[in-house]
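The values are calculated or read from the model by the stated rules, or taken from the named source; none is laboratory data. None of the values given here were measured: they were computed from a predicted structure. Positions of Cβ are generated from backbone atoms using ideal geometry, with glycine treated the same way; all protein chains shown enter the neighbour counts.
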Amino acid sequence: MSDRQVLVLGGGCFWCTESVYKEVRGVTDVESGYSNGQVKQPSYEQVCTGTTGHNEVVKLEYDPAQIGTREILEIFFVVHDPTTLNRQGNDVGTQYRSGIYFTTPEQQQVAQDMLDELAKDNAFGKPIVTEVKPLDNYWPAEAYHQDFFEKNPHQGYCMAVAAPKVAKFRKTFARLAK
């Protein structure tokens with residue numbers, strides 16, 4: 001188990017991000033949660049107010065022998081918009097900010113190198129606003145948020161937002177699908 005790594009990503013609504021990474025080869029566990037805010041053990045309702053400082057995130061546990069941090073971040077930058085500050089689509093607020101929350105110095109370096117490359121190449125045509133910070137004050141989301149897309153594929157938000165992200169992952173990264 002010690003060969004596993006943890007990386008936490010904020011890419012808008014955690015239902016959408018979770019639904020993508022559950023399909024990625026080498027990702028052994030995906031958990032929706034909240035991170036990098038001030039309140040201990042925040043609730044969904046508290047985080048939704050935008051006053052706790054938390055971000056809706058997914059905590060990924062992965063096997064670096066099967067998938068690298070860079071590949072995980074390549075997926076991340078395809079399935080969300082890293083140029084919109086505190087927003088993903090219709091989800092607006094600091095809890096929807098683009099963020100990479102690392103647990104090792106190597107992850108931090110990979111993330112920073114990748115952001116530098118994307119900025120240099122003007123990959124998105126706009127400045128990237130993704131924050132790169134050490135993981136802090138992580139708390140798992142309530143049980144009803146876990147595996148939400150899997151349990152509710154026909155729910156309106158899932159059909160409109162999560163399903164297209166999963167389809168985009170499958171098309172763009174078929175080689176990394178489970």
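Just to verify a result, which residue in segment 4-30, among those that are in a strand (DSSP E or B) and touching an Asp or Glu at 6+ places or on another chain (Cβ under 8 Å), is surrounded by the fewest Cβ atoms within 10 Å (Cβ to Cβ)? Break it down into steps so the answer makes sense when it comes.
Going residue by residue through segment 4-30, those that are in a strand (DSSP E or B) are 5-11, 24, 27-30.
Narrowing further to those that are touching an Asp or Glu at 6+ places or on another chain (Cβ under 8 Å): 5-6, 10, 27-30.
Details: Gln5: 20, Val6: 17, Gly10: 29, Val27: 22, Thr28: 15, Asp29: 12, Val30: 22.
Among them, the one singled out is Asp29.
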Going through (1) over 24 Å from Leu118 (Cα atoms); (2) touching a residue at least 24 places away in the same chain (Cβ under 8 Å); (3) among the hydrophobic types (A, V, I, L, M, F, W, C); (4) out of contact with any Pro (no Cβ under 7 Å at 6 or more places or on another chain) one by one, Leu135 fails only at (1)
The condition from (1) touching a residue at least 60 places away in the same chain (Cβ under 8 Å); (2) of a type outside the set (Asp, Glu); (3) in a loop (DSSP other than H, G, I, E, B) that Thr52 misses is numbered (1)
Per the filter on segment 79-110, residues surrounded by 17 or more Cβ atoms within 10 Å (Cβ to Cβ), under 13 Å from Gly10 (Cα atoms) and of a type in the set (A, V, I, L, M, F, W, C) are Val79, Ile100, Phe102
For segment 19-61, the count of residues that are under 18 Å from Cys158 (Cβ atoms), out of contact with any His (no Cβ under 8 Å at 6 or more places or on another chain) and of a type in the set (Ser, Thr, Tyr) equals 2
Conditions (1) modelled with pLDDT under 95; (2) assigned to a helix (DSSP H, G or I); (3) over 24 Å from Gly156 (Cα atoms) -> Met1 fails only (2)
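Is it fair to say Ile72 is buried (at least 23 other Cβ atoms within 10 Å of the Cβ), at negative phi and part of a helix (DSSP H, G or I)? Steps first, answer last, please.
Working: buried (at least 23 other Cβ atoms within 10 Å of the Cβ): yes; at negative phi: yes; part of a helix (DSSP H, G or I): yes.
Judged against the criteria, Ile72 is a match.
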Of those in segment 40-49 that are of a type outside the set (Ser, Thr, Tyr) and without any contact (Cβ under 8 Å) to a residue 60 or more places away in the chain, the residue surrounded by the most Cβ atoms within 10 Å (Cβ to Cβ) is Val47
